[in-house]
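Participant: What follows is a single structure, and I will ask about it in a moment.
Coordinate-derived values only; no laboratory data. Because the structure is predicted, anything quoted here is derived from the model rather than measured. As a convention, Cβ positions derive from the backbone with ideal geometry for all residues, glycine included, and neighbour counts pool all protein chains shown.
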Amino acid sequence: MSARPNQESAAPQPETTSPHRAGFACFVGRPNAGKSTLTNALVGQKVAITSNRPQTTRHTVRGIVHRDDAQLILVDTPGLHKPRTLLGERLNDVVRTTWAEVDVIGFCLPADQKLGPGDKYIVKELAGIRKTPKIAIITKTDLVDSKTLAEQLLAVSALAQELGFEWAEIVPVSAVGDQQVGLLADLIAPLLPESPPLYPEGDLTDEPEMVMVAELIREAALEGVRDELPHSIAVVVEEMLPREDRPADKPLLDIHANVYIERPSQKGIIIGPKGKRLKDVGTKSRKHIEALLGTPVYLDLHVKVAKDWQRDPKQLRKLGF
């Protein structure tokens with residue numbers, strides 16, 4: 001008696017979906033190349049502090065982009081630069097350590113600035129990293145015309161050839177204008193390893209809340225003093241505690257933070273006449289902190305002097321570097 005043919009096996013097989021990918025990508029470039037703004041644009045929410053002043057980012061912030069096909073964990077590094085202080089040396093060490101651990105490296109170059117010695121220094125270092133795919137990202141394209149942009153694209157391509165490697169992709173983007181930000185994510189995703197998601201759906205960063213709060217305060221402080229202070233501001237959140245005896249439907253979070261500067265003469269600059277500047281810093285940062293944490297906040301700020309902290313190993317450790 002012949003066996004009955006298996007009718008199910010004759011049925012057309014469904015198309016196999018491509019495997020999910022997950023991994024780490026970092027943006028590198030000289031200071032103020034648009035790395036933090038790009039991270040925020042890809043994540044869709046503020047996770048990295050931004051400023052129009054170079055050397056704003058000091059912590060490696062991970063922004064997490066959730067897609068159906070991939071999870072991109074974006075590592076935002078300080079800008080690589082010629083260090084003048086112990087802090088500068090440590091920030092450069094952070095960059096190089098990060099490069100060794102990620103799956104994709106994105107080199108950011110502003111469209112409105114010609115390739116300079118700083119860019120060539122970074123790309124030369126990248127040329128020595130053989131196995132990791134490298135993408136050139138031309139940022140701030142909203143600031144230039146098409147001719148200038150084309151020249152920048154050719155220049156960055158030629159620089160890689162000169163150093164003996166090829167970019168996996170060259171992508172022009174405008175994070176502010178939301179141009180080609182989605183395309184950049186599309187190009188990074190296939191370069192990541194096959195993996196299930198590494199973070200739960202809904203997580204946007206793995207940065208501790210206290211660190212993010214401190215960064216938001218520091219961003220507001222930088223805005224407040226413009227060019228009057230060099231980058232000598234550090235912020236430490238001492239405690240974050242729910243206010244006791246508050247009804248459940250009216251919570252309040254008490255945040256106590258210290259703003260550190262390097263010299264007593266800088267104290268008056270950051271506090272301002274009759275405390276106005278410090279009050280503005282508190283008002284601006286509190287709005288961002290409340291949006292981040294989803295709860296009303298009482299913010300208590302104090303300004304303290306940590307003498308020459310950027311050059312003092314003990315002070316750097318205390319301030320989290």
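Participant: When all alpha-carbon pairs of the range 209-318 are counted, what percent fall beyond 20 Å? Please list the in-between numbers first.
Facilitator: On the way: 2400 of 5995 pairs.
Of the Cα pairs, 40 percent sit more than 20 Å apart.
Participant: Follow-up. Just to be sure I understand the model, the point goes 7 Å from the Cα along the line to the Cβ. What's the resulting residue 211 to residue 165 distance in nm?
Facilitator: 2.6 nm
Participant: Which whole-angstrom value gives the distance between the alpha carbon centres of the range 182-197 and the range 281-302?
Facilitator: Centre-to-centre (Cα) distance: 34 Å.
Participant: Turning to a different aspect of this structure: Based on the alpha-carbon gyration tensor of the range 84-226 and its eigenvalue square roots a ≥ b ≥ c, which shape applies: rounded if a/c is under 1.5, prolate if not and a/b is larger than b/c, or oblate? Write out the running numbers ahead of the final one.
Facilitator: Values: a/c = 1.35, a/b = 1.21, b/c = 1.12.
Rounded is the answer for the range 84-226, as its axis ratio a/c remains below 1.5.
Participant: Under the definition of Cα pairs under 8 Å and six or more residues apart, what whole-number percent is the relative contact order of the range 209-318?
Facilitator: Numbers: 168 pairs, mean separation 32.8, N = 110.
Once divided by the residue count of the range 209-318, the mean separation gives 30 percent.
Participant: Taking the simple approach of a point 7 Å from Cα along Cα-to-Cβ for both residue 293 and residue 146, what is their distance in nm?
Facilitator: 5.0 nm
Participant: How high is the FRET efficiency between residue 238 and residue 97 when r is their beta carbon distance and R₀ equals 25 Å, given to the nearest 0.05?
Facilitator: Details: r = 28 Å, r/R0 = 1.13.
Calculated transfer efficiency: 0.30.
Participant: At most 13 other Cβ atoms within 10 Å and a DSSP loop assignment: could you name the trypsin sites (Lys or Arg not before Pro) in the range 104-178 that fit?
Facilitator: Details: sites: 114, 120, 124, 130, 131, 134, 140, 147; in loops: 114, 130, 131, 140.
For trypsin sites (Lys or Arg not before Pro) across the range 104-178 that sit outside H, G, I, E and B with at most 13 neighbouring Cβ atoms in 10 Å, the list reads 114, 130, 131.
Participant: So which trypsin sites (Lys or Arg not before Pro) in the range 209-301 end up in coil per DSSP with only 13 or fewer other C-beta atoms within 10 Å? Don't jump to the answer; show the numbers that get you there.
Facilitator: On the way: sites: 218, 226, 243, 267, 274, 276, 277, 279, 284, 286, 287; in loops: 226, 243.
Passing both the DSSP loop test and the Cβ count: 226, 243.
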